[in-house]
1. Express in whole angstrom the spacing between the alpha-carbon centres of the stretch 216-261 and the stretch 273-290.
2. Any idea how far apart Val167 and Leu112 come out in nm if each label point goes 7 Å out from Cα toward Cβ?
3. Working out 0.36 nm times the residue gap between Val66 and Asn190, then minus their Cα-Cα distance, what length gain in nm do you get to one decimal?
4. State whether the stretch 7-126 is rounded, prolate or oblate according to the following rule on the C-alpha gyration tensor (a ≥ b ≥ c being the square roots of its eigenvalues): a/c under 1.5 gives rounded; otherwise a/b larger than b/c gives prolate, and the remaining case gives oblate.
5. What is the gain in length, in nm to one decimal, between Lys139 and Glu271 on full extension, counting 0.36 nm per residue of separation less the C-alpha to C-alpha distance?
6. Can you give me the C-alpha center-to-center distance between the stretch 180-208 and the stretch 63-90, rounded to a whole angstrom?
7. Between rounded, prolate and oblate, where does the stretch 101-229 land on the alpha carbon gyration tensor, with a ≥ b ≥ c its root eigenvalues, rounded for a/c under 1.5, else prolate if a/b exceeds b/c?
8. 7 Å from Cα along Cα→Cβ at both Glu220 and Ile90: what's the point-to-point distance in nm?
Amino acid sequence: MSDKKPMIWMNGRLIEQEKAVVPFMTHALHYGSGVFEGIRIYDTPKGKAVFRLREHMERFQDSAKVMCMVHPYSVDDLVEAARLTVRNTIPNADYIRPLAWYGENDENRIVLNPFKFKVNVAIACAFMGTYLGEENMEKGAKLITSSWTKPANTSTSLQAKICGNYVNSILAKIESNQLGADEALMLNTNGTVAEGPGENIFMIKKGKIYTPPLSAGVLEGITKDSVTIIAKDKGYQIVEKEITRSEIYMADEFFMTGTAAEVTPIRSLDERTIGEGKRGPITKAIQETFFEAARGNDPRYLHWLTSVN
Ligand code: PPE
């Protein structure tokens, strides 16, 4: 039905999106004390499917654990809730947003410690489209190095997708767009490259693929994992090592990965052209296989897809 209203799964039941409102005294609204996920929906020959749904819900639970959040839903419950939500959302939805957050407390207290605050869990869907511009999937996106660094691993949990962490990403994103770039590259407090505001990074030099380790202050990306498997299946060597900003200027190819960004080639960093200044051959091969896998056209990776119906 075209007049069907999008529904959100909230605390165990489906409600209309316009009725899914959050009270002002919500702890997470004041302090960012929530955790979230981003998950893609793809059209496949067998209908709509969700990419690596279980792994995303497992990370969602891990993020909640870091924030000492207790709620009654298992990974299986969340997987089923996500499938239900996709069946009851707008037809062009391509992205799922699970969110768990500290809500209100009974005593109307304003305090940092969230233990007496109710934990809420919701799942919504939206249309995301291409994250860094459709034409950049071939042309390559333009990056600047952000003047904002990633917090250190000692400042917050960077392996948990905590809402409040994303203020740092938002500052970098604003800066990059104000300076006419598509996206930011973020360094860590040691001065080596960490990741983008919402993407992991990969550098290619003389046929070898490099990506920073978790200790560089990065999220353990699920797309990063998928790309690592695809690249290894193609016979490439992936080396986890610290990467400096100037190594990227001198790289042959560079790309970013993320649920939203998928596999996006990068054409320049700080006005230095990377390689040929467009999507390179290894990036192209990985990107093509990634999309074949996500769209259910590569039998080797069908186990990454969960059907919605
Ligand atoms: N690093 C960060 C900081 C990050 O937020 C993401 C996902 C990644 C790496 C890649 O992780 P993965 O999606 O598991 O491959 N960023 C999500 C939020 C983006 C947004 O704008 O919101 C995403 O891509 O959905």
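1. The distance from the Cα centre of the stretch 216-261 to that of the stretch 273-290 comes to 12 Å.
2. Placing both labels 7 Å beyond Cα along the Cβ direction yields 1.2 nm.
3. 42.2 nm
4. Prolate, since a/c reaches 1.5 and a/b exceeds b/c.
5. 46.0 nm
6. Going from one Cα centre to the other spans 30 Å.
7. Cα axes put the stretch 101-229 in the prolate bin.
8. So the two model labels end up 3.4 nm from each other.
Each value in this text was obtained by applying a stated rule to the coordinates, not by laboratory testing. None of the values given here were measured: they were computed from a predicted structure. Cβ sites come from the backbone with ideal geometry, for glycine too, and all protein chains shown count toward neighbours.
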